[in-house]
Amino acid sequence: RNIHSLKHFATNHNADLIFISEPQMYQNDVDLVMQHLRGEYNFSLNSADKFDPELPLVKPKAHGGSMILWKLCLDPFISIYPVSSPSFLPVIFSPPRCPPSVHVSVYLPTHGQDCKFVEDLSSLVVCIEELQDLFPEAPIFLRGDFNVNVKNIKRTDLLSHFCKILDLTEASILH
């Protein structure tokens, strides 16, 4: 809900990586908010204004987005994989003497934004296929909110198809 809850969670769980769906933050606000975790965590925010810098001038409140935080000591081993959608944010984690792993923070558009949902899910498929080509042995972890309700048959079917074409197991998608 807020930065103080996040700091409490990070401290109590000693989390190395934290994935946030829908941080509802603009790029120009993130440094101020994250100063509460400065010295402990680094971060990457993927928000709509990253692709439309004038958005904060016309919309007072940010919506959606994805974010990943990691302990500062992991900085040398984290690489952000560039994408063109705020709905997901991939990082490659390559610690020394260990195989790399890919972690993706996800927040797909909510109900009522079905066209954008399909577009972003398609972009996510392309991104994962690229990452599988670049890192064929790396496990890929998807973390976040796909905004799929079992009562919405169309979205449920799309998510099932998504899992099938990428050969993902249900355990690969953490809700």
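The values are calculated or read from the model by the stated rules, or taken from the named source; none is laboratory data. Quick caveat: nothing in here was measured; it's all calculated off a predicted structure. Please note: Cβ atoms are built from the backbone with ideal geometry, for glycine as well, and neighbour counts cover all protein chains shown. With ligands, DNA and RNA removed, areas are computed over all heavy atoms of the protein, side chains included. Shrake-Rupley method; radii C 1.70, N 1.55, O 1.52, S 1.80 Å.
So, R0 is 22 Å and r is the distance between the beta-carbons of LEU166 and SER84; what FRET efficiency does that work out to, to 0.05?
So the FRET efficiency works out to roughly 0.70.
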| Full-stretch length increase - PHE77, THR110 - with 0.36 nm per residue and alpha-carbon distance subtracted | 8.6 nm
| query | How large is the accessible surface per residue of the range 1-62, computed with a 1.4 Å probe and reported in Å² as a whole number? | reply | 65
| Centroid-to-centroid separation of the range 108-142 and the range 22-44 [C-alpha atoms, Å] | 24
| R0 = 25 Å: FRET efficiency of GLU130 with ASP16, Cβ-based, nearest 0.05? | 0.50
| request: Determine the share of the chain's accessible area contributed by carbon and sulfur atoms, expressed in whole percent, with a 1.4 angstrom probe. | output: 55
| From the square roots a ≥ b ≥ c of the eigenvalues of the alpha-carbon gyration tensor of the range 116-160, which class results: rounded (a/c under 1.5), prolate (a/b over b/c), or oblate? | prolate
| said: Give the lysines reachable from LYS164 as a straight Cα distance under 16 Å; neighbours fewer than 8 places away on the same chain don't count. | reply: LYS154
| field | In the range 1-99, trypsin sites (Lys or Arg not before Pro) in a DSSP loop with at most 16 other beta-carbon atoms within 10 Å | value | ARG1, ARG38, LYS61, ARG97
| If the cut-off is 20 Å between C-alpha atoms, which lysines fall inside it for LYS71, apart from same-chain ones fewer than 8 positions away? | LYS7
| task | Identify all aspartates and glutamates with a Cα-Cα distance to LYS61 below 17 Å; exclude those on the same chain that are fewer than 8 residues away in sequence. | result | GLU22, ASP29, ASP31, ASP49, ASP52
| request: Evaluate the relative contact order of the chain (contact order divided by residue number), counting alpha-carbon pairs under 8 angstrom at least 6 apart; express in whole percent. | output: 18
